[in-house]
1. How many angstrom lie between the Cα centre of the stretch B:52-67 and the Cα centre of the stretch A:130-174?
2. Looking at the square roots a ≥ b ≥ c of the eigenvalues of the Cα gyration tensor of the stretch A:135-200, which shape do they give, rounded for a/c under 1.5, prolate if a/b is larger than b/c, or oblate?
3. Pop out a list of residues from the stretch A:1-24 that are at least 10 Å² less accessible with all the protein chains around than in their chain alone; 1.4 Å probe, no ligands or nucleic acids counted.
4. If you fit an axis through the alpha-carbon atoms of helix B:21-36 and take the longest principal axis of the Cα set of chain B, what angle between them do you get, 0 to 90°, nearest 10?
5. Once the Cα gyration tensor of the stretch A:79-200 is diagonalised, what are the square roots of 5 times its eigenvalues, in whole Å and ordered largest first, as equivalent ellipsoid semi-axes?
6. If each of residue B:146 and residue A:43 carries a label point 7 Å out from its Cα toward its Cβ, how far apart are those two points in nm?
7. Could you tell me which residue out of A:93, A:68, A:113 lies farthest along the dipole of the stretch A:21-176 toward its positive end? Charges go on the beta carbon: Lys and Arg +1, Asp and Glu -1, centred on the Cα centre.
8. Within 10 Å of each Cβ of A:160-168, how many other protein chain Cβ atoms are there on average?
There are 2 protein chains.
Amino acid sequence: MTTQHIPPGWALEFHGHRCPFMPIGYRMGRLAMEHLGVERVKDHGFYVFPELGEGHPMTCMMDGLQIATGATYGKVLMAKTFYGKLAATFYSVHKGAVRFALKPDFIDALGGFEFFAYRRRGIEPSEIPAAVVDEVVQWVYAQPDDALYRVEPKPDFHYSPPQHSFHKLKCSACGEYVYERYVRMKNGQPVCIPCSGYGQ
Amino acid sequence: MTTQHIPPGWALEFHGHRCPFMPIGYRMGRLAMEHLGVERVKDHGFYVFPELGEGHPMTCMMDGLQIATGATYGKVLMAKTFYGKLAATFYSVHKGAVRFALKPDFIDALGGFEFFAYRRRGIEPSEIPAAVVDEVVQWVYAQPDDALYRVEPKPDFHYSPPQHSFHKLKCSACGEYVYERYVRMKNGQPVCIPCSGYGQ
């Protein structure tokens, strides 16, 4: 099956440039939602744990995942695992979990496109000729779903979000508000982490 | 000065629900960009470090920050500091840094709106009556910039992003690709972090 799941127009505005990775993440997110039988999350209760890290390519996938699923960083529904892998686990409180991973053969084939030659020379995606970007993006859309993604149900996966509290107090040093779980004590007074000097 | 900086229509689609916090973050992002004299970042080179954490309200501000600045989580341009504070530092490689913090008096006034009474009862933003959401959103728009934000230039702030590498290899246990910095060694073989059992 080939379900292109082309991102909506505003996805490009959000992401900032055209590249193959945001659409790869978007399609992964949409397929994972279909697999679990969930709608885009308006509020909370659906989580995405991308196995990506930092200092490596293809992280743009995560913007596609945010756009597709609604599990945004701002709503604290997305958190990287820092494994440096091209995969993500999707968890619905009601429908359970599934892991999607990019197949090594797909990654190899993708790496052969001219787009990557530009990226390896340090050229930013928005500076790469449109035809070069189009070539790889259109090729990705044309691949069948199972050429891209390995799908692994995760029946034993569980996640408990951190306990939520509205309690906050003012740092005795800088006067700014701090939510309770991040308050530290110093010389008998409540302070924020930066004023504490404790580092965390 | 009152610069409403109302988020574009697609911002609501991205975020998933209407609330006062996404617009507060959006406006903070736009004002910080104006302060530093930068455009929305298409690729890389502009970073946002929100001082928020998890398990507390108002994190939705970070979606507004992503939307306004283009410093998205997927492009690895945004990272929480986990301080539990309602502030963010904005850093441009070329233009330097500035910190914006919500003023305690603004936070106090905001907390008096009926919207928060619903949230404290555990009612999700998309389930709160539209008139209740509108009341607080419109009030926020009407406040002058300096009622919301304390602005603090950070001339000494520096940030070096992690070194970038395209190198990857296959985990000898699961066969999936791992970017080099996340490869671990086990029994003389390269493995990914999950297969290593090391935890990180």
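The values are calculated or read from the model by the stated rules, or taken from the named source; none is laboratory data. A quick note: this is a predicted structure, and the numbers were derived from the prediction, not measured. No Cβ is skipped: glycine too gets one built from the backbone with ideal geometry, and neighbour counts run over all protein chains shown. Heads up: the accessible areas ignore ligands, DNA and RNA and are worked out on the full protein's heavy atoms, side chains in. Shrake-Rupley method; radii C 1.70, N 1.55, O 1.52, S 1.80 Å.
1. Between the Cα centres of the stretch B:52-67 and the stretch A:130-174 lies a distance of 16 Å.
2. prolate
3. Flagged in the stretch A:1-24: A:10, A:13, A:14, A:15, A:16, A:17.
4. Once rounded, one gets 80 degrees.
5. Working: eigenvalues 394, 116, 27 Å².
So the equivalent ellipsoid measures 44, 24, 12 Å along its semi-axes.
6. 3.9 nm
7. A:93
8. 4
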